[in-house]
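The values are calculated or read from the model by the stated rules, or taken from the named source; none is laboratory data. As the structure is a computational prediction, the values presented were derived from the model and not from experiment. Cβ: placed from backbone, ideal geometry, glycine included. Neighbour counts: every protein chain shown. When the accessible area is computed, the model is the full protein with side chains, heavy atoms only, and any ligands, DNA or RNA have been set aside. Shrake-Rupley method; radii C 1.70, N 1.55, O 1.52, S 1.80 Å.
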Amino acid sequence: MFALEWEDIDFERDCYLVRKSKTHLARRYPMHPEFRAVLESFDDRQGRVFKCWGHPDTLTGLVKKALVDAGHPDMRLHDLRHTFASNLAEAGESLQAIGELLGHTDKRTTEIYAHLSDQHLRTSLRRLKLTV
């Protein structure tokens, strides 16, 4: 997202293109309505979208501060990818959909990311009706 360019935003098709990634495969992703609203609020639509972040470490530092302020001092920016995957899994999304949204090419990677919370597992267990 740090390198996202305005030319990679497609409001008509409601998606954006990520050109640089860990696997170096360019991929289109659907836009979440709130992300779209943020993008639509920008006046300057030339070059990089997030010019306010001069370096990737700036974003990392801002996110770390927000996590600490929110009471999560042990979390890192990357942990939010796991949270995203877990929230989707708990909402009932398929591992295939989660993997696509994370840009994974191997479903085993997605399985590592999509953890279910203890509360979700307890709720699942309570659905089981035992007869004696």
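Among the residues of segment 75-92, write down those that are within 14 Å of the chain's Cα centre (by Cα) and over 25 Å from Leu62 (Cα atoms). Passing the criteria: only Ala89. Restricting attention to segment 9-29, the residues that are modelled with pLDDT of 95 or more, more than 18 Å from Ala97 (Cα to Cα) and open to solvent by less than 60 Å² (accessible area, probe 1.4 Å) total 3. Close contacts from segment 67-81, counting a first residue that is on the phi < 0 side of the Ramachandran plot and a second that is surrounded by 10 or more Cβ atoms within 10 Å (Cβ to Cβ) and of a type in the set (Lys, Arg), with Cβ to Cβ under 8 Å and a gap of 6+ residues or different chains, come to Leu67/Arg76; Arg76/Lys64; Leu77/Lys64. Of all residues in segment 1-55, those satisfying the criterion of being among the β-branched types (Val, Ile, Thr) and in contact (Cβ under 8 Å) with a residue 40 or more places away in the chain are Ile9, Val18, Thr23, Val49. Within segment 54-63, being surrounded by 12 or more Cβ atoms within 10 Å (Cβ to Cβ) and more than 16 Å from the chain's Cα centre (by Cα) holds for Pro56, Thr58, Gly61, Leu62. Of all residues in segment 64-93, those that are assigned to a loop (DSSP other than H, G, I, E, B) and either touching a Phe, Trp or Tyr at 6+ places or on another chain (Cβ under 6 Å) or open to solvent by less than 60 Å² (accessible area, probe 1.4 Å) (or both) total 2. Just one of the listed residues (His32, His55) is modelled with pLDDT under 90 and out of contact with any Leu (no Cβ under 8 Å at 6 or more places or on another chain), namely His55. Within the bounds of segment 38-46, is there any residue that is of a type outside the set (A, V, I, L, M) and within 18 Å of the chain's Cα centre (by Cα)? The answer is no; no qualifying residue exists. Hey, any hits in segment 105-126 for a residue that's in contact with a strand residue (DSSP E or B) (Cβ under 8 Å, 6 or more places away or on another chain) and either open to solvent by 70 Å² or more (accessible area, probe 1.4 Å) or assigned to a helix (DSSP H, G or I) (or both)? No, segment 105-126 has no match at all. So is Lys51 among the charged types (D, E, K, R), outside any helix (DSSP H, G or I) and over 16 Å from the mean Cα position of the chain (by Cα) or not? So Lys51 fits the description; yes. One residue stands out among those in segment 39-48 that are at pLDDT 95 or above and not in a loop (DSSP other than H, G, I, E, B): the one that is most open to solvent (accessible area, probe 1.4 Å), which is Glu40.
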